[in-house]
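The structure appears right after this line, and notes come after that.
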Amino acid sequence: MQKKTAYSFPDEILEHVFSFIQSVKDRNAASLVCKSWYEIERWCRRKIFVGNCYAVSPTMVIRRFPDIRSIELKGKPHFADFNLVPDGWGGYVLPWISKMAGAYPWLEEIRLKRMVVTDESLELVAKSFTNLQVLVLFSCEGFSTDGLAAIAAGCKNLRELDLRDSEVDDLSGHWLNHFPDTYTSLVSLNISCLGSDDVSFSALERLVGRCPNLRRLLLNREVPLDKIANLLSRAPQLIEFGTGTYAAELRSDVYSNLAEAFCNCKELKSLSGFWDAVPAYLPVIYSVCSRLTSLNLSYAPIQNPDLTKLVSQCPSLQRMLVLDYIEDSGLEVLASSCKDLQELRVFPSDPFGEEPNVSLTEKGLVAVSSGCPKLQSVLYFCRQMSNAALVTIAQNCPNFTRFRLCLLDPKIADYRTLQSLDVGFGAIVEHCKDLRRLSLSGLLTDCVFEYIGMHAKKLEMLSVAFAGESDLALHHVLSGCESLRKLEIMNCPFGDKALLANAAKLETMRSLWMSSCSVSLGACKMLGQKMPRLNIEVMDEKGPPDSRAESDPVDKLYIYRSVAGPRFDMPPFVWTMDEDFASELS
Amino acid sequence: MELQLGLALPPPPLIPIETFDLNSYGNYETREALGTNALSWPLLKLGPADNDINNIHHHNSSSSSSSSGGGAGCKKRSFDEAPFFDEKRNVPKTLHLLLWTNQPNDEDDDPSNVLHENSSSAIFKNDGEGLVGWPPVKTWRKKVHHQIPNGGAENNRLPAVENGIGGRASKSTYVKVKMEGVPIARKIDLSVHHSFEGLTNTLMRMFGISDGNRKSFKLTYQDREGDWLLAEDVPWRTFIRSLKCLKLIRSRG
């Protein structure tokens, strides 16, 4: 009997098998097995993720994958969130939309992060993708409510519209009215970022009322508290809800309506919003608290004891975002009440204040690490830290996947010993073998980087500021962190050596950002010349780099691997160090 | 915490390498002298001679449990001793563009890089908001905190919050500027300008408009009521107080 080998299967069978492989990594691996698998796989791939929109061109993507239904694109580097990337840098989505309009008429999902999206792009999306179901614009900018109106009017199958953290130009316009009366398929709507003139409340009410599948609704700040009860009563099936402003004069009718409305939302698991919250209205959500798995109070200026009291009512919490008003005492209560906690983010209420305004220290984080065995992800802003605390935290939580600590005063030492925090962070990377993301702060020497290079083998993203003493630090990271994909560095004394010695490593990473460091223009040019598959972009708003000496440090440096070559949409303050740049100047 | 080094030697260079003096870095001649084989062997080597990288260093294991002493258990090492090669690692061995020399670089020998410390705080301060990009708080959150109602009257535990709102410029002084015909808006810091002249100069520079072309542009602004007005029609103080965003339009006629 003739033995069947893998490649003699009919294509349809392999396609069917591949349809069970959802992970992009696995798909990529399968496509490398042999030519026929490559071919079959590329025809049946439906979903792609492009972590850096300049790493590949839309033409290349379309050429390889002819039938994509879901695309995710990311544009600007992460430090753009903190104003380190000037306006006009790039990350335009229009070229992608234009090309995909013709190639992927059946596109269902578009997810964009840190990209510039214009009204023209949105209009093109609405016109070209009649089957669009999901549109997520995460930290995007460049569009107005006119673009949203086009989406509302054109995308009859839209299920999810999520504008989280985006900057939308508020032209007055009742864009919500553009959803036709026959449109009933909304499942998820996040308009929390919109400004004042953008939302016609009556249109919102009607929309919510006619969409029976609406499960997620995040309102913007301008929706007044007394309107919420009505809204909730039209959507008692909500699972996730974000209020608007949560302040109003205490009125018993408003209060009781709200309490009743929340009580009727039997499936509510996640709450957010709470802008300007006043304690008086907090108890209306008590009926929901026991079921809550996610609570975002990071816009609520609520303080203790009200804040702690609220937290203590939520034993099922898995995800908690809060301001540092919670203080150590509140975190201790969190630690004893919320045994399922997996993610904690504590934001600073007064990030630029010179003096602490709340009593939030390392003790709060130690308490949570001790009391919450499932804790995996931490983002913590505070003003003091000790190695002892970090070591304890590391020993308590070996399962950390994300650990981001921001000590507000850069280069602050261990407050007990006045030493650097190398040992503390070293303990984190040593104990937390699955750590994928790490942000450092405080006084740090080259030593911590040696620990990181030695232990952080699964680390994918590292953020560094005001740390290290020499190139050796950067060298440790680049040579030791095998899984490193994204490295972002600001204000560190790292120069050319480590970068040039590890040039090959850069091709294994998505990107490297270095600003206010000591990398010379000459080194950038050398990298640009020798590494054709890297784009070396130098950013300087003061003037062209050729007006300065080769040994002068560049202001901002962004290096990323790309098969698309240097980009052509750079603003005047970005120069790409490709082969041409060096030769035309020498 | 023990440090085990698995070391592998790099492939021997095809051409004998001369030590590369970083001080002559910008010297193109030196680079060319290294020849077209530059891609196949390290241009600068980490560690003085490959043969010497057989020293295995062990760390003290005290670093993970001790809470005292910054860098306890971490000897500060020079580049010679850096664990560069790990035979288990899967890092491509070609394309090291840098060879360490045995000659210490200035910055390595100076642990207290005082110059850098001073510069980081002096150069990068952004008026009214501390260091640029620090702390890493999203713009969204900055805005929220500045608008937190003043709770000073009821709660005297928070004087700093009160000061934070009253004392420093609590509203962001950046406004959006658009130019007609240009899809992307820029942002400009109003607090550093004190007259229309200065503001216009900055805008012309920002959008690359030459002096000759200045006359063909007019500055307009949108006030809090949403109306668009000509900037030159109002006094500077009125302008500053009521403007929401700016737009440069081409003047007609």
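The values are calculated or read from the model by the stated rules, or taken from the named source; none is laboratory data. The shown structure was predicted, so the numbers you read here are calculated from the model rather than taken from an experiment. Glycine also receives a Cβ, built like all others from the backbone with ideal geometry; neighbour counts cover every protein chain displayed.
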*Which listed residue, of A:Lys433, A:Lys457, is in contact (Cβ under 8 Å) with a residue 24 or more places away in the chain, in contact with a Ser or Thr (Cβ under 9 Å, 6 or more places away or on another chain) and either surrounded by fewer than 21 Cβ atoms within 10 Å (Cβ to Cβ) or within 26 Å of A:Pro301 (Cβ to Cβ) (or both)*: A:Lys457
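In the set A:Ala277, A:Ala235, which member is modelled with pLDDT under 95 and of a type outside the set (D, E, K, R)?
Values: A:Ala235 fails: modelled with pLDDT under 95.
Just a single option satisfies the conditions, and that option is A:Ala277.
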*So, of the residues in segment A:198-225 that are in contact (Cβ under 8 Å) with a residue 40 or more places away in the chain and in a helix (DSSP H, G or I), which turns out to be nearest to A:Ser298 (Cα to Cα)?*
A:Leu225
*Just need a number here: residues in segment A:260-302 that are in a loop (DSSP other than H, G, I, E, B) and out of contact with any Phe, Trp or Tyr (no Cβ under 8 Å at 6 or more places or on another chain).*
8
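State the number of residues belonging to segment A:486-497 that are free of Cβ contacts under 8 Å to residues at least 40 places away in the same chain and more than 8 Å from every other protein chain (Cβ to nearest Cβ).
So the first thing to find is which residues in segment A:486-497 are free of Cβ contacts under 8 Å to residues at least 40 places away in the same chain, and the list is A:487, A:489, A:492-494, A:496-497.
Right, trim to more than 8 Å from every other protein chain (Cβ to nearest Cβ) and you get A:487, A:489, A:492, A:494.
Adding up the residues that qualify gives 4.
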*Sort through A:Asp170, A:Asp146 and tell me the only one that's in contact with a strand residue (DSSP E or B) (Cβ under 9 Å, 6 or more places away or on another chain), away from chain B (no Cβ under 12 Å) and at pLDDT below 95.*
A:Asp146
*Got a sec? Which of A:Leu331, A:Leu307, A:Leu360, A:Leu344 is out of contact with any Leu (no Cβ under 6 Å at 6 or more places or on another chain), within 14 Å of chain B (Cβ to nearest Cβ) and outside any loop (DSSP other than H, G, I, E, B)?*
A:Leu307
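Can you give me the ranges of the helices (runs of 4 or more DSSP H) entirely in segment A:385-484 with at least 3 residues that are more than 8 Å from chain B (Cβ to nearest Cβ), modelled with pLDDT of 95 or more and within 30 Å of A:Glu507 (Cα to Cα)?
Details: elements: A:387-396, A:422-431, A:446-455, A:471-480.
Per the criteria, A:422-431, A:446-455, A:471-480.
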*Would you confirm whether any residue within segment A:250-258 is touching a helix residue (DSSP H, G or I) at 6+ places or on another chain (Cβ under 8 Å), touching a residue at least 40 places away in the same chain (Cβ under 8 Å) and of a type outside the set (Phe, Trp, Tyr)?*
no
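Among the residues of segment B:212-234, write down those that are in a strand (DSSP E or B) and surrounded by 12 or more Cβ atoms within 10 Å (Cβ to Cβ).
Taking segment B:212-234 and keeping what is in a strand (DSSP E or B), we get B:217-223, B:228-230.
Correct list: B:Phe217, B:Lys218, B:Leu219, B:Thr220, B:Tyr221, B:Gln222, B:Asp223, B:Leu229, B:Leu230.
Restricting to segment A:120-137, what's the tally of residues that are within 12 Å of chain B (Cβ to nearest Cβ) and under 23 Å from the mean Cα position of the chain (by Cα)?
Within segment A:120-137, residues that are within 12 Å of chain B (Cβ to nearest Cβ) and under 23 Å from the mean Cα position of the chain (by Cα) number 1.
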*Restricting attention to segment B:202-224, report how many residues are in contact with a strand residue (DSSP E or B) (Cβ under 9 Å, 6 or more places away or on another chain) and either acidic (Asp, Glu) or touching a residue at least 40 places away in the same chain (Cβ under 8 Å) (or both).*
3
*Do the conditions hold for A:Leu232, that is, is it in a helix (DSSP H, G or I), buried (at least 18 other Cβ atoms within 10 Å of the Cβ) and not hydroxyl-bearing (Ser, Thr, Tyr)?*
yes
*Determine which member of the set A:Arg64, A:Arg69, A:Arg45 is farther than 30 Å from B:Thr139 by Cα, away from every other protein chain (no Cβ under 14 Å) and buried (at least 19 other Cβ atoms within 10 Å of the Cβ).*
A:Arg45
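Taking segment A:500-535, which residues are closer than 22 Å to A:Val50 by Cβ and more than 12 Å from chain B (Cβ to nearest Cβ)?
Just the residues of segment A:500-535 that are closer than 22 Å to A:Val50 by Cβ, to begin with: A:505-513, A:531-535.
Matches in segment A:500-535: A:Arg510, A:Ser511, A:Leu512, A:Asn535.
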*Name the strands (runs of 3 or more DSSP E) wholly within segment A:7-122 that hold at least 1 residues that are within 30 Å of A:Ile489 (Cβ to Cβ) and free of Cβ contacts under 8 Å to residues at least 40 places away in the same chain?*
A:47-50
